[in-house]
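The values are calculated or read from the model by the stated rules, or taken from the named source; none is laboratory data. All values derive from a computational prediction rather than experimental measurement. Heads up, the Cβs are rebuilt from the backbone with ideal geometry, glycines too, and the neighbour counts pull from every protein chain shown. These area figures cover heavy atoms from the full protein model, side chains too; ligands, DNA and RNA do not enter into them. Shrake-Rupley method; radii C 1.70, N 1.55, O 1.52, S 1.80 Å.
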Amino acid sequence: VFWLGSFDSVRCGAMPRAIDVWMQHPTQRFLTDSIFDSLHRWNRMDVSVLQKPDHPVYSPQMSLSSMDAGAVDLGLACAWYGPEGTMISNEDVKKLCEAAPGRFLGVASGDIRDPVRCVAGIKHYVQKHGFVAVRILPWLWERYADDRLFYPIYAACVELDVPLCLQVGHTGPLRPSDFGRPIPHLERVLLDFPQLTVVGGHIGAPWVEEMIFLAGKFPNLYIDTSAYVPSRYPKALVEYMRGRGAKRVMYGSNYPMVQHHAISQQLELLNLQPEQMQLFLRGNAERVFKLQKPRL
């Protein structure tokens with residue numbers, strides 16, 4: 001994995017250009033939060049350089065450069081709200097989308113402790129500014145996915161007809177991993193909200209078999225591969241992508257944790273058929289996030 005690596009160009013051949021369903025354009029508040037100390041340590045990053053507000057990583061151009069180097073056409077950029085405050089606001093995401101029209105679409109979030117205000121904010125950014133999904137992070141709030149405070153957000157997603165995106169699997173930042181376990185918590189959500197489209201990011205490792213089982217049980221559940229490069233995709237997931245799961249797995253990066261070129265240069269390792277690769281890189285995202293419909 002890479003946190004803030006170089007942007008060497010790669011040869012993508014005839015590969016379709018991708019849609020990244022999980023990325024962040026970082027703010028200084030986001031990158032310097034102490035919960036990411038473990039990620040910085042793993043990647044031997046000097047956190048002090050990120051304290052400089054003029055660091056290039058905070059420029060939209062750096063995110064675009066990573067996308068261009070990895071043959072990514074469109075990034076779904078997400079907001080981050082947590083118990084310690086706003087890390088990337090919905091307004092930050094809106095400004096990013098305005099700075100590079102056609103390259104980014106917004107994924108809304110909010111402070112779950114004030115459900116009425118949170119839902120109102122989500123509706124505003126979806127209905128007025130064309131945001132295409134909602135993201136919550138159970139581990140960040142240290143609450144399971146079936147916690148009562150999340151349920152008004154799930155109901156709003158159904159009402160707005162947009163997917164709910166969350167993280168499944170273990171947690172790299174300094175928070176407990178158990179909040180990402182799919183069974184029983186995500187399963188309970190899927191039972192309670194059969195009309196809710198859910199995208200589980202970060203694959204679900206080490207509970208990949210649970211995610212694949214749930215995706216077979218619930219037609220409204222999808223998996224994205226953010227935070228992993230193809231050489232690290234679990235074997236069970238790759239086999240699923242080559243078979244009955246071809247329409248259920250989507251490309252994600254978790255940029256800036258993983259640079260886009262680090263993914264694109266390994267795509268051939270997946271040994272997918274051309275149609276399977278097209279679905280993985282963009283076709284599934286276009287369908288699930290309704291990206292071919294007219295937007296605001």
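Structure above, values below:
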item	result
Only listed residue being under 17 Å from the mean Cα position of the chain (by Cα) and on the phi > 0 side of the Ramachandran plot, chosen from Gly106, Gly200, Gly169	Gly169
Residue count, region 40-60 (criterion: surrounded by 10 or more Cβ atoms within 10 Å (Cβ to Cβ) and either under 22 Å from Ala99 (Cα atoms) or touching a residue at least 12 places away in the same chain (Cβ under 8 Å) (or both))	14
Residues located in region 230-254, provided they are part of a loop (DSSP other than H, G, I, E, B), open to solvent by 10 Å² or more (accessible area, probe 1.4 Å) and either under 16 Å from Met277 (Cβ atoms) or out of contact with any His (no Cβ under 9 Å at 6 or more places or on another chain) (or both)	Tyr233, Pro234, Gly243, Arg244, Ala246, Lys247, Arg248
Residue list for region 161-190, filter: of a type in the set (A, V, I, L, M, F, W, C), surrounded by 21 or more Cβ atoms within 10 Å (Cβ to Cβ) and either in contact with a Pro (Cβ under 8 Å, 6 or more places away or on another chain) or in a loop (DSSP other than H, G, I, E, B) (or both)	Val162, Leu166, Val168, Phe179
Every pair of residues 6+ apart whose Cβ atoms lie under 6 Å, when the first sits in region 110-127 and is among the hydroxyl-bearing types (Ser, Thr, Tyr) while the second is open to solvent by less than 80 Å² (accessible area, probe 1.4 Å)	Tyr125/Asn90; Tyr125/Ala108; Tyr125/Phe131
So Phe213, is it over 19 Å from Trp22 (Cβ atoms), open to solvent by 20 Å² or more (accessible area, probe 1.4 Å), touching a Phe, Trp or Tyr at 6+ places or on another chain (Cβ under 6 Å) and not basic (Lys, Arg)	no
Top-ranked residue of region 69-95 - restricted to ones that are more than 16 Å from the chain's Cα centre (by Cα) and within 22 Å of Ala18 (Cα to Cα), ranked as most open to solvent (accessible area, probe 1.4 Å)	Lys94
Residue match in region 257-279 (condition: within 23 Å of Val198 (Cα to Cα), touching an Asp or Glu at 6+ places or on another chain (Cβ under 6 Å) and at pLDDT below 95)	no
Count of residues meeting criterion [of a type in the set (D, E, K, R), surrounded by 18 or more Cβ atoms within 10 Å (Cβ to Cβ) and touching a helix residue (DSSP H, G or I) at 6+ places or on another chain (Cβ under 7 Å)] in region 124-160	2
Of all residues in region 267-278 being without any contact (Cβ under 8 Å) to a residue 60 or more places away in the chain and open to solvent by less than 40 Å² (accessible area, probe 1.4 Å), the one that is nearest to Ala18 (Cα to Cα)	Gln276
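Residue by residue, here is whether (1) within 14 Å of the chain's Cα centre (by Cα); (2) under 16 Å from Ile203 (Cβ atoms) holds:
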{"residue": "Gln127", "(1), (2)": "no, no"}
{"residue": "Ile136", "(1), (2)": "yes, no"}
{"residue": "Pro152", "(1), (2)": "no, no"}
{"residue": "Leu160", "(1), (2)": "no, no"}
{"residue": "Phe179", "(1), (2)": "no, yes"}
